[in-house]
1. State the number of residues belonging to the range 284-300 that are more than 10 Å from the ligand (Cβ to nearest atom) and either surrounded by 24 or more Cβ atoms within 10 Å (Cβ to Cβ) or of a type in the set (Lys, Arg) (or both).
2. Return the pair list, or none, for Cβ contacts closer than 9 Å from residues in the range 277-291 that are closer than 15 Å to Val409 by Cα to residues that are of a type in the set (Phe, Trp, Tyr) and within 12 Å of the ligand (Cβ to nearest atom), at least 6 apart or on different chains.
3. Please verify whether Pro233 is free of Cβ contacts under 8 Å to residues at least 40 places away in the same chain and either in contact with a strand residue (DSSP E or B) (Cβ under 9 Å, 6 or more places away or on another chain) or surrounded by 23 or more Cβ atoms within 10 Å (Cβ to Cβ) (or both), treating the condition exactly as stated.
4. Only residues that are surrounded by fewer than 16 Cβ atoms within 10 Å (Cβ to Cβ) and over 19 Å from Gly55 (Cα atoms): list them for the range 577-601, please.
5. Go through Ser444, Ser433 for me and flag whichever is assigned by TED's automatic domain parsing to the domain that holds Leu545, farther than 24 Å from Lys347 by Cβ and either away from the ligand (no atom under 16 Å from the Cβ) or modelled with pLDDT of 95 or more (or both).
6. Considering Glu84, Glu112, which residue is at pLDDT 95 or above and surrounded by fewer than 19 Cβ atoms within 10 Å (Cβ to Cβ)?
Amino acid sequence: MVKLFRGKKVRELNRDSHVSLGGVYLIGGLFCMLMIVLIAVQMNVRYSLRETSIGLEEKERLIRLKEEAGKRENRGAKILLVSEEDDATSTKAFKIFSVILDQMKEPYDVIEPADFDIADFDRYETIILAITHYPLLTSNISYLKGWVRDGGNLMIAYPPEGSGSFQTLYELLGIKDSGEVTYVKGVHFNKPFMIGGSLKDYDIIDAYESSLGLSLYDDCDVYMQSDDDYPVPLIWRRNVGSGTVVFDNFGIMEKAYRGIHCAAFSLLSDYCVYPVINGSAFYIDDFPAPVPEGDATYITRDYNISVSDFYSRIWWTDIHELAKEYGIRYTGLVIENYNDQVSGEFKRNTETNRFLYFGNMILKLGGEIGIHGYNHMPLVLENFDYKDQYDSYIQWPSTEDMRNSLDEVFDFTHNLFKDQELKVYVPPSNVLSEEGRSLLADTSISSIASVYLSTDMAYEQEFDISTEDGIINTPRITSGCIIDEYMELAALSELNFHFVNTHFIHPDDVLDEDRGAEIGWERMYGNLKGYMKWLHEGCPDIRNLTGSELAGAVLRYDLLGLDRTDTDNGVELDINGYDDEAWMLLRINDGRKISAVKGGEYKEAAENLYLIECRNESVEIVFE
Ligand SMILES: [Zn+2]
């Protein structure tokens with residue numbers, strides 16, 4: 001800022017070289033005064049909290065608000081989800097689609113195929129068939145064609161078992177011919193309908209025979225297909241009479257791909273609108289913390305300097321640069337000590353220079369300091385089973401010992417960063433017990449960021465408020481510097497489902513061969529930079545938030561309920577539980593464009609997909 005100002009001033013002085021000496025003194029004097037003001041402003045800004053509009057609430061109040069939101073009546077579901085309780089695939093699909101609909105705030109009824117009755121069809125606008133055995137629908141299936149033609153919307157949630165009954169739907173679904181189930185090793189987006197989707201093709205790392213090989217009529221709009229030479233259509237849409245049909249032939253029902261199924265669902269009907277979080281947060285593991293231990297082989301190989309120097313001179317400079325370039329506001333997680341003490345008196349770490357230096361740099365970037373632990377021992381008691389996976393970890397003998405260690409690290413961190421309220425907690429190694437969590441509930445922690453995608457014993461979360469303790473769950477979706485295709489697709493999926501990005505950076509990746517140390521920091525940094533570039537190119541309007549700001553955004557999102565009412569030429573949104581902001585994604589499928597948003601703003605997020613900022617509890621979207 002100061003530098004820029006100087007440059008400008010020099011140019012002005014050159015231009016004004018003919019003015020009198022008095023004028024030069026006057027300008028010089030003004031310049032000095034401005035410099036003093038600028039420095040003073042910067043000093044004041046340096047250690048204080050950034051004013052944030054996305055504030056938090058007391059945990060007690062959040063429990064109450066969440067309970068009230070849960071009691072909100074289901075005002076006449078217009079979506080029917082058909083699911084087979086006794087079928088494993090159908091159950092898996094139910095788990096995916098019920099969460100998608102819940103979080104899109106779309107009320108729905110669920111029935112078994114045996115209860116599928118044409119007499120009920122008129123009550124619904126949309127039917128999702130998430131079943132394997134179509135013969136269970138009996139002769140009722142023959143009425144579906146007429147129902148769609150008259151304006152109904154039908155979604156096939158996954159490719160079912162082949163049957164004569166299913167084949168009777170081929171004409172309606174636009175299927176010319178079908179073959180065997182097939183293995184999809186990668187996906188290609190034919191249309192840029194998903195955020196981030198048009199940037200490249202994506203490999204499917206956990207692929208299996210999940211899709212149906214088939215050919216379609218020309219009037220089907222294919223949105224996603226396999227990236228083979230003879231592509232398999234994976235998501236398509238077809239207009240039939242005044243209704244629509246969507247076939248989701250992707251078939252893999254995993255949490256990491258929810259956003260793909262959500263996007264397929266959103267292609268039904270004339271439009272689809274749903275609330276989103278709108279936030280991007282980057283967390284830095286063990287930072288600030290003492291100099292990490294590990295294998296310094298590759299740092300010595302590439303830089304020939306100490307680990308400590310590497311972090312301050314190379315690593316932080318690069319990480320800092322990324323924040324500047326993309327406006328990222330890191331949340332650093334403090335570890336006071338790398339010892340393995342779990343009882344007795346927890347001694348204060350007096351070596352604070354590193355903490356102060358890095359911590360203040362994070363704050364200066366508009367970031368936040370959170371808590372990781374007194375040491376790196378996860379908050380679990382002796383009743384917890386590590387299944388021989390973490391040999392070096394020791395359980396805590398009592399809750400009292402865990403509490404004492406937390407008291408110490410909170411006090412330590414408070415002393416270093418006096419204006420920071422410590423609101424964010426990340427569990428070491430993503431392991432956390434209920435006992436540990438209830439201790440955190442008694443502290444200033446209002447948000448816990450563990451993992452979104454489950455692994456073994458990891459503490460898995462959704463983006464929501466817990467009714468148990470009022471703490472906001474803000475899981476991290478992706479991590480590290482080796483960003484593989486699975487991670488990229490999971491990130492893409494969440495941008496489209498929740499319009500959220502949460503990434504975890506481990507400073508000690510460079511010391512760990514399993515996490516890619518061998519390729520060297522320069523390439524690791526290149527990967528991380530590539531990820532940020534991908535994110536910001538695909539999604540330039542996402543908000544850069546700190547951990548607790550993201551929690552504020554999740555809080556608002558989670559408490560929302562949404563009523564959608566068609567108007568003459570648009571839709572009216574009535575947002576229940578509106579506080580001070582709400583964000584929506586709106587997909588328009590019938591070719592219309594937005595002409596105005598009354599009570600809000602809008603921006604294009606992908607083809608026919610808009611990000612709507614709602615500034616009022618009632619918002620009207622008017623189409624052209
Ligand atoms: Zn850690």
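1. 1
2. Going by the 9 Å Cβ cut-off, the qualifying pairs are Asp286/Tyr338; Ala289/Tyr338; Pro290/Tyr338.
3. Considered against the rule, which asks whether it is free of Cβ contacts under 8 Å to residues at least 40 places away in the same chain and either in contact with a strand residue (DSSP E or B) (Cβ under 9 Å, 6 or more places away or on another chain) or surrounded by 23 or more Cβ atoms within 10 Å (Cβ to Cβ) (or both), Pro233 comes out as yes.
4. Asp590, Gly591, Arg592, Lys593, Ser595, Ala596, Lys598, Glu601
5. Within the list Ser444, Ser433, the selection yields Ser433.
6. Just a single option satisfies the conditions, and that option is Glu112.
One line per residue, one yes/no per condition, for (1) in contact with a Lys or Arg (Cβ under 6 Å, 6 or more places away or on another chain); (2) at pLDDT 95 or above:
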{"site": "Ile205", "(1), (2)": "no, no"}
{"site": "Ile235", "(1), (2)": "no, yes"}
{"site": "Gly241", "(1), (2)": "yes, yes"}
{"site": "Ile260", "(1), (2)": "no, yes"}
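Residue by residue, here is whether (1) β-branched (Val, Ile, Thr); (2) part of a loop (DSSP other than H, G, I, E, B); (3) touching a residue at least 60 places away in the same chain (Cβ under 8 Å) holds:
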| residue | (1), (2), (3) |
| --- | --- |
| His414 | no, no, no |
| Asp419 | no, yes, yes |
| Arg437 | no, no, no |
| Ser444 | no, yes, no |
| Ala458 | no, yes, no |
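The values are calculated or read from the model by the stated rules, or taken from the named source; none is laboratory data. Worth saying up front: this structure is predicted, and the values here are computed from it rather than measured. Please note: Cβ atoms are built from the backbone with ideal geometry, for glycine as well, and neighbour counts cover all protein chains shown.
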